[in-house]
1. With only Lys, Arg, Asp and Glu charged, each at its Cβ (+1 for the first two, -1 for the last two), find how big the charge dipole of region 44-143 is about the Cα centre; round to the nearest 20 debye.
2. Separation of region 273-334 and region 234-263 by C-alpha centroid, Å?
3. With the Cα gyration tensor of the chain giving a ≥ b ≥ c as the square roots of its eigenvalues, does the rule (a/c under 1.5 for rounded; else a/b larger than b/c for prolate; else oblate) give rounded, prolate or oblate?
4. For Val81, Val410, write out the residues from largest to smallest accessible area, computed with a 1.4 angstrom probe and no ligands counted.
5. Go through Lys64/Lys88; Lys388/Lys450; Lys113/Lys135; Lys92/Lys292; Lys88/Lys351; Lys22/Lys388 and tell me which ones have a Cα-Cα distance over 28 Å in this structure.
6. Among Phe252, Ala56, Asn86, flag the residue with its Cα farthest along the positive direction of the charge dipole of the chain, charges on Cβ as +1 for Lys/Arg and -1 for Asp/Glu.
7. Please give the contour-minus-distance gain from Lys249 to Glu96: 0.36 nm per residue of separation, less the Cα-Cα distance, rounded to one decimal in nm.
8. List the residues whose amide H sits under 5 Å from the amide H of Asp240, counting only those 5 or more places along or on another chain, with H placed 1.01 Å from N in the peptide plane.
Amino acid sequence: MRATDYMKELLFEGEARSKVKKTQWGGLDRTRAFDSGGISEAVNIDTSFLPALRSAPMPLFVSKVDGIPLGAYAGDGYVFVIYSSNGKIMAKRITEDGEQTGVLSDNGDDLEKRCIVAFNRYTTPLDPLSGEYEKLLLVFPDKKCCSAETGDPVEFSGISDSPMPDIKHAAVHSSRVFGVDGDRVYASAFNDCGNWELDTAEDIGAENAWATTSQSSTKASGGYTAVACCDGYAVCFRRDHMQQVYNNKNPFRLVDIGAWGCMDGYSVCEWNNNLAFASDIGIWLYSGGYPKLISERLAVESFEGTRLGACADLLFAYIPSEGRTFVYENTSDSWGERALGEIALFAGDGKRVYAVKNDGTVLLMDGGEYGSFCVETDFMSLGVYNPKMLKGIAATAELGEGSALHVSLVYSNGELRAVSSTSPGLQVLRTAVRARRSDFAKIRLEGYGKVDMFGLSLSFAYGDTPGGAG
């Protein structure tokens, strides 16, 4: 065994070499701190193509409302936004062919969030053969409606000429409007959103409207915060509890599900025969039975004010405490992220999702061109190698035309750029690295355009003793 003292550095002879390869990417996991190989950042990353990662398309600018967004609904080929502007509550329907606006209320100081649902009202409910369906958008708590036809003007009228409950949140199920207000749940008459006449001693019928006769469950606190539909049932939420409405005709039954709650009507959405909802402790999926918590890997301390929207296999979740929009992909059970800024509301129609920002900007999610992206993964030596042993990095990726990819080592005090490419096609970006620091670096893959990232490998060199392999 020998060592050579040269410029006060020990030189190695007969170094052994090894590699750590990663060819199976996963989604975002912020719970693992270092040296795990997990992805700790995934901005504008689409996890639908796992085990590969792909950069995500940017949102497409659709329109902008001049005011404070209060409600949004996505229909077939349009998005409908309610907002406060110049002392009035306004509504705007946005389509590919243009925009239509109308006045909902003259009280522009009423900044309560609006609930918007679509309902096909049968014009002659007592005559099943001669009537026609009238497509409406219902707005609560205003108790007003307008035509849902894109060619009609946005003009509001009352939902009913007779008294109706002060509903705050509503959902449409089995040709009825189910609504909640305080400690009660209501259902309109069958096929008629304007009929809220309850059973009487003289008139008891399966098609009549319905209301709960009991107050709050002793297991729950506070009033109802939201109502939505899932798997053929209406589901009612409080802040810390959820219940399900059983039966398909009057009288209905309200049955406790458990101590899972929802913050408000924009913290819940229907998604692929599931309900996604946000409670004080996380984001859940419910399809009957017990809800499943899906947000553990986000490591978020507060979910207050979370906004949800969904389409196809993607669930968008804006979390104000983080100022970030995370995206859950159902098939791969993985999280990514989109860089959007502050979101007021989401609205989805099953095929697409619109985001309405706090400044009134309306965006179509993933509808634009490919832009910038960033992925960070931990050092991924899994505790086997000293960071000073790192000698090389290689990333396998396919770049589209006009795209770029940069691979960097990121230390706590700065960044060491390792290798980059702007050449299109499938390739391996490989570079030698002279690591001098003992802290665990992160590996960052960033760039712009359409890029598929298939794998990453780190090369290490080591020996038992200075001057030889030992």
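The values are calculated or read from the model by the stated rules, or taken from the named source; none is laboratory data. Owing to the predicted nature of the structure, the values given are computational and were not obtained by experimental measurement. Glycine also receives a Cβ, built like all others from the backbone with ideal geometry; neighbour counts cover every protein chain displayed. Heavy atoms of the whole protein, side chains included, go into the accessibility calculation; ligands, DNA and RNA do not. Shrake-Rupley method; radii C 1.70, N 1.55, O 1.52, S 1.80 Å.
1. Using only the charged Cβ atoms, the result is roughly 260 debye.
2. For region 273-334 versus region 234-263, the Cα centre distance is 20 Å.
3. It comes out prolate by the Cα gyration axes.
4. I get Val410, Val81, largest accessible area first.
5. Pairs exceeding the cut-off: Lys388/Lys450; Lys92/Lys292; Lys88/Lys351.
6. So the residue we want is Ala56.
7. Here the segment from Lys249 to Glu96 would lengthen by 51.2 nm.
8. Long-range HN contacts for Asp240: Ser221, Cys262.
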